[in-house]
Amino acid sequence: MTASNPPDAATRERFQTLFRAPTGDDRPRVIRAVNVHKTYTTGSQQTHALRGASLEVLRGEYLSIMGPSGSGKSTLFNMIGALQKPSSGKVYIDQVDIAELDHNELAWLRCRKVGYIFQSYNLIQVMTCLENVMLPMAFAGLEPEPARDKAVSILKLVGLGHRMLHKPGELSGGQQQRVAIARALANSPEVVLADEPTANLDQRTGQEMIELLDDLKQRLQVTVISATHDLKMLQKSDRILWIEDGRIVRDARPSDIDFGSAEFH
Ligand SMILES: Nc1ncnc2c1ncn2[C@@H]1O[C@H](COP(=O)(O)OP(=O)(O)OP(=O)(O)O)[C@@H](O)[C@H]1O
Ligand SMILES: [Mg+2]
């Protein structure tokens, strides 16, 4: 596997002006998106889902992304999770320019560097929880026995040690989302991308999920990026980005925000 070089100093300097970078923190940037555009073409219709989004995410950050429906949150996640390529602009994951990766290298990166959590859990219904969590490990080439041991310990970590042999359909929504979180952590990723992970859960279960993600972030030093409208998730975040019409329009810390204001009600 060959990894591309990070951009040279001149390119980096040019890009620096585009970054909405947090200052005064020299932790490594685990994700960088630079002037990303994404246009979908459906028949004769073009949709500009992203119109020049730039952001960078520090290792270990808990970043929330807010924005109205259709503003481009999921599209941005698809870009920074290397699930789709931008129409133009650059995405770096852990310093690697994803445009320079071939098919196999991209699959490798998706499998090991990024963990994905979806609103609707996306678990495989015919497999047990344990098998769901072991699956990404099998893709990564781990032998069944160590994969099983690791899956057991992650499921215990998310509080599901007693439900491992159940199938997703036998579990509550919150429990299924815990399995999805365990699956996202299976290959010890650098970044967990969570696209509205509490949207299908009641308030109390949503709160439990937020606390779990926060706890895992602290314990495993993983970077969490979450699209959310959940106030509690915003309050737990290190930083919040607002996206509107495909552009990042605001970058703030929870301490800068008036959560009592009209925009949150
Ligand atoms: N595969 C696709 N083909 C065509 N248009 C798409 C596709 N995916 C998204 N879009 C369009 O791109 C725009 C941004 O969509 P996106 O799903 O990123 O928004 P979102 O902020 O995640 O919205 P929501 O909060 O409803 O999940 C929308 O206008 C959407 O209709
Ligand atoms: Mg979405």
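The values are calculated or read from the model by the stated rules, or taken from the named source; none is laboratory data. Values in this document were obtained by computation on a predicted structure and should not be read as measured data. Please note: Cβ atoms are built from the backbone with ideal geometry, for glycine as well, and neighbour counts cover all protein chains shown.
Suppose we keep only residues that are hydroxyl-bearing (Ser, Thr, Tyr) and in a strand (DSSP E or B) within the range 59-72. Which one would you say is farthest from Ser188 (Cα to Cα)?
Ser64
Exactly one of (1) modelled with pLDDT of 50 or more; (2) under 19 Å from the mean Cα position of the chain (by Cα); (3) part of a loop (DSSP other than H, G, I, E, B) is unmet by Glu56. Its number?
Of the numbered conditions (1) modelled with pLDDT of 50 or more; (2) under 19 Å from the mean Cα position of the chain (by Cα); (3) part of a loop (DSSP other than H, G, I, E, B), the odd one out for Glu56 is (3).
Given the criteria crowded, with 20+ Cβ neighbours inside 10 Å, under 27 Å from Ala53 (Cβ atoms) and at pLDDT 95 or above, does Val192 qualify?
For Val192, the condition - crowded, with 20+ Cβ neighbours inside 10 Å, under 27 Å from Ala53 (Cβ atoms) and at pLDDT 95 or above - is met.
Can you name the number of the only condition in (1) touching a Ser or Thr at 6+ places or on another chain (Cβ under 9 Å); (2) surrounded by fewer than 17 Cβ atoms within 10 Å (Cβ to Cβ); (3) outside any loop (DSSP other than H, G, I, E, B) that Ile117 fails?
(2)
Suppose the filter is without any contact (Cβ under 8 Å) to a residue 60 or more places away in the chain and closer than 16 Å to Arg247 by Cα; does Ser87 pass it?
yes
It is to be established whether one or more residues within the range 67-79 are within 30 Å of Glu145 (Cα to Cα) and among the hydrophobic types (A, V, I, L, M, F, W, C).
No - not one qualifying residue is present in the range 67-79.
Residues being under 21 Å from Val34 (Cα atoms) and basic (Lys, Arg): count how many of those fall in the range 96-128.
Selection size over the range 96-128: 2.
Could you please let me know if Ile98 is farther than 25 Å from Leu213 by Cα, more than 15 Å from ligand 1 (Cβ to nearest atom), of a type in the set (Val, Ile, Thr) and free of Cβ contacts under 8 Å to residues at least 40 places away in the same chain?
Yes: the conditions hold for Ile98.
Sort through Thr39, Thr47, Thr75 and tell me the only one that's part of a helix (DSSP H, G or I) and either away from ligand 1 (no atom under 13 Å from the Cβ) or at pLDDT 95 or above (or both).
None of the other options fit; the residue is Thr75.
Might you let me know whether the range 233-242 holds any residue that is modelled with pLDDT under 90 and among the aromatic types (Phe, Trp, Tyr)?
Scanning the range 233-242 turns up no residue that is modelled with pLDDT under 90 and among the aromatic types (Phe, Trp, Tyr).
Being buried (at least 19 other Cβ atoms within 10 Å of the Cβ) and either more than 21 Å from the chain's Cα centre (by Cα) or assigned to a loop (DSSP other than H, G, I, E, B) (or both), is that true of even one residue in the range 134-145?
Within the range 134-145, not a single residue is buried (at least 19 other Cβ atoms within 10 Å of the Cβ) and either more than 21 Å from the chain's Cα centre (by Cα) or assigned to a loop (DSSP other than H, G, I, E, B) (or both).
Would a scan of the range 124-133 turn up a residue that is in a loop (DSSP other than H, G, I, E, B), of a type in the set (S, T, N, Q) and in contact with a Pro (Cβ under 7 Å, 6 or more places away or on another chain)?
Yes: one or more hits.
For residues in the range 78-107 being part of a loop (DSSP other than H, G, I, E, B) and more than 14 Å from ligand 2 (Cβ to nearest atom), which is surrounded by the most Cβ atoms within 10 Å (Cβ to Cβ)?
Filtering the range 78-107 for residues that are part of a loop (DSSP other than H, G, I, E, B) and more than 14 Å from ligand 2 (Cβ to nearest atom), the one surrounded by the most Cβ atoms within 10 Å (Cβ to Cβ) comes out as Pro86.
Of the conditions (1) in contact with an Asp or Glu (Cβ under 6 Å, 6 or more places away or on another chain); (2) crowded, with 19+ Cβ neighbours inside 10 Å, Ser237 fails just one. Which one is it?
Condition not satisfied by Ser237: (1).
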